[in-house]
1. How many residues, within segment 191-208, are farther than 26 Å from L154 by Cα and either in contact with a strand residue (DSSP E or B) (Cβ under 8 Å, 6 or more places away or on another chain) or in a loop (DSSP other than H, G, I, E, B) (or both)?
2. Looking at E271, E226, which one is more than 28 Å from F140 (Cβ to Cβ) and not aliphatic (A, V, I, L, M)?
3. Looking at V285, is it in contact with a helix residue (DSSP H, G or I) (Cβ under 9 Å, 6 or more places away or on another chain) and touching a residue at least 12 places away in the same chain (Cβ under 8 Å)?
4. Within segment 256-266, is even one residue of a type in the set (G, A, S) and either in contact with a helix residue (DSSP H, G or I) (Cβ under 6 Å, 6 or more places away or on another chain) or loosely packed, with under 13 Cβ neighbours inside 10 Å (or both)?
5. For segment 132-185, name all the residues that are modelled with pLDDT under 95, closer than 15 Å to A213 by Cα, under 22 Å from the mean Cα position of the chain (by Cα) and among the acidic types (D, E).
6. Out of D232, D207, D219, report the one residue that is surrounded by fewer than 19 Cβ atoms within 10 Å (Cβ to Cβ), among the charged types (D, E, K, R), at pLDDT below 95 and within 26 Å of A307 (Cα to Cα).
Amino acid sequence: MFSIHRHHRLVERLTRAHEPVAQAGPFTLHWLNPPGGADRDIEPELMVVHDLHLSEIDNNVGKHIRHSLIPMLASTRHRFGMDLPVWGVWEKEPHALFNQLMTITLYSVHADPYTCSRWFYRNTLKALREPPGDIDPTDFIQPFSVIYRRVRELRLGESLLDAGTCHGFLPLLLSADLPATGHPSPQLVGLDIEEFFIQAARKYAEDQGISGADFLAADLFDPRVEFLPRFDTVTAIHLLEHLDSDTAARALDVLWKRTAQRLIINVPIEETPDPYFGHCQRFDVGRLADMGERLGGHSTTFEDHGAWLVVDR
């Protein structure tokens with residue numbers, strides 16, 4: 001993966017003699033070693049070039065990958081066959097492929113990985129704070145801006161556990177709402193199984209002086225979760241669709257045990273679960289209502305940028 005801005009001289013030299021193979025969104029495919037080229041002992045190879053600036057690095061890189069890069073790679077693969085080295089990443093399962101393309105794109109923009117990460121968080125959090133206009137359903141930020149605003153309206157109390165926090169955007173956003181109480185421990189905790197995401201969120205919080213939010217890398221069924229305190233509000237935003245039916249039911253029980261006042265669940269409504277996002281099953285409001293009834297609290301459901309379940313003790 002090359003950045004046309006960071007690797008300008010190299011990209012210009014490599015692409016000078018050859019027209020692009022394909023282009024979609026900010027991505028262009030070029031021959032690194034074209035078929036029938038001067039060096040016939042080297043297999044043909046493609047390279048991916050993008051024109052994203054640091055100022056454009058945010059969570060919508062995922063939008064570009066899902067709706068531009070992956071379809072372009074798929075059509076080019078069909079056109080040229082499966083023997084090109086670029087298809088090594090294609091052998092991964094869809095979610096792993098998406099994550100790898102996301103990571104190498106983000107960290108190709110600057111030589112310092114933390115500079116890339118800092119801009120990614122800064123740009124995404126800024127966009128999440130902006131009032132959304134007309135929502136593009138393919139956008140990776142606008143719908144979550146609406147979802148997080150609804151969470152802010154629904155949450156009870158001061159402490160909150162965000163399970164499946166991913167990049168930790170929700171706790172980081174909500175940290176701005178915390179009063180300066182001198183509370184001895186973080187009141188907002190983001191929990192996720194991905195150590196890489198948790199480390200990045202924690203590093204950003206530390207560097208920004210955000211003391212009210214902390215992050216824990218753990219599976220929901222990790223024994224450490226049992227020793228967490230109860231939180232006034234527990235959230236699981238776009239988490240359950242990543243689990244199979246039995247695991248989702250078990251996860252809901254764990255979340256309910258950690259809930260002191262209110263449990264908030266949001267899931268996307270899809271015709272078909274998207275494997276590139278790691279989705280395993282589809283939900284609707286009716287199914288969430290059935291799951292909520294089983295918990296024994298007072299539950300309500302509604303639809304707004306996905307299906308919601310809110311359960312109170």
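1. So the count comes out to 4.
2. Every option except E226 fails the conditions.
3. Working: in contact with a helix residue (DSSP H, G or I) (Cβ under 9 Å, 6 or more places away or on another chain): no; touching a residue at least 12 places away in the same chain (Cβ under 8 Å): yes.
It is false that V285 is in contact with a helix residue (DSSP H, G or I) (Cβ under 9 Å, 6 or more places away or on another chain) and touching a residue at least 12 places away in the same chain (Cβ under 8 Å).
4. Within segment 256-266, none of the residues are of a type in the set (G, A, S) and either in contact with a helix residue (DSSP H, G or I) (Cβ under 6 Å, 6 or more places away or on another chain) or loosely packed, with under 13 Cβ neighbours inside 10 Å (or both).
5. Correct list: empty.
6. Values: D232 fails: at pLDDT below 95; D207 fails: within 26 Å of A307 (Cα to Cα).
Answer to the check: D219.
The values are calculated or read from the model by the stated rules, or taken from the named source; none is laboratory data. These numbers were taken from a predicted model, which means no experiment stands behind them. Cβ atoms come from the backbone with ideal geometry, glycine included; neighbour counts cover every protein chain shown.
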